[in-house]
1. How big is the chain by Rg and Dmax over its Cα atoms, in Å?
2. For q = 0.12 Å⁻¹, what log10 I(q)/I(0) does the stretch 1-158 give under the Debye formula with an equal point scatterer on each alpha carbon and no solvent?
3. If each residue of separation counts as 0.36 nm, what is the full-extension length gain between A13 and L198 once their alpha-carbon separation is subtracted?
4. Using only the Cα atoms of the stretch 176-284, build the gyration tensor, take square roots of its eigenvalues as a ≥ b ≥ c, and label the shape rounded, prolate or oblate: rounded if a/c is under 1.5, else prolate if a/b is larger than b/c, else oblate.
5. Compute the relative contact order of the chain as a whole-number percentage, counting only Cα pairs closer than 8 Å that sit 6 or more residues apart in sequence.
6. Could you list, in their original order, any pairs among K34/K55; K6/K273; K24/K273 whose Cα atoms are separated by more than 31 Å?
7. Most fluctuating residue of D29, D235, D171 in a GNM of the chain with Cα springs under 10 Å: which is it?
8. According to a simple spin-label model (label point 7 Å from Cα along Cα-to-Cβ), what is the distance in nm between S261 and N190?
Amino acid sequence: MEDREKWFRTNRANWDERVPIHTKGEFYDVEGFKRSGEARLRPFELREVGDVREKSLLHLQCHFGLDTLSWARLGARVTGLDFSEPAVEAARKLAREVGLEGEARFVRANVYGAREALAGERFDIVYTGFGALNWLPDIRGWARIVASLLAPGGFLYLAEFHPFADVFADDDLTVEHGYFHPPERPRVWNEPGTYADLEAETENNVTYEWNHTLGAVVTALARAGLALEFLHEHDHTLFPRWPFLVRDGSGAYRLPAGEPSLPLMYSLRARKKAGARHEPSPGP
């Protein structure tokens, strides 16, 4: 438990420092989001989630709320949850600025404390977006939390970077990291800047991260009592993972034509049974 608190404290300091960089930079283009009035979500997410009008949607690890507010623009009643106070404050400010304060609320809490922070509330949809699961040391505990937050008949929708892509080096397809990694030994990184601004000057540069395999994620959800409806793997990603990726007309990054394809992202939907009232026991 002491190690876990250190991991969370260190990661939170990293994210707290980067919130103002992200809200002001070109990567997220917050001003463009304000002007457009449109949802900023990936086309396959919109297809796979479906109509969210009048649905209650909880976005776990929401950062400063761009995706959360995008779902609100599509008609959902949204709640965003994040462990960074600056992120939650920025999300609330953005909600006011785009006129969605009445349709969106933001709560500061660690994912593992979400049930207590939300006082037992249940949701039609729990949504988790890209770059979220790698910050969680306990994927089985996460799945149980998700199940407890869903109303009977509700579903989790997860869109995430594919863990297989993490075995490769940063500059080429040399295998540099193992696919299987024990959760009690996180990967430790010390990297200045941020994916949104590589040249940004930062002080809190250490992070602890975990690579959860596809099998571990699906099994955790099944053990938590959720029924998998689909699992889709995607051959493109949202950023130049390697310098040789090619950006297409939709803004996605792909391997060059003629190169073997690789799974770079995945998405899944898992539903809580309509008659379910209690979460299953944690199990081994």
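1. 18.3, 52
2. Relative scattering, expressed as log10 I(q)/I(0), comes to -0.49.
3. Gain on stretching A13 to L198: 64.8 nm.
4. The shape class here is oblate.
5. Computed value for the chain: 18 percent relative contact order.
6. K6/K273; K24/K273
7. With Cα springs under 10 Å in the chain, the top fluctuation among D29, D235, D171 is at D171.
8. My value for the distance between the label points is 4.1 nm.
No value in this document is a laboratory result; all are computed from the given coordinates. Given the structure is predicted, the values throughout are model-derived calculations rather than measurements. A quick note on method: Cβ atoms are made from the backbone with ideal geometry, for glycine too, and the neighbour counts reach across all protein chains shown.
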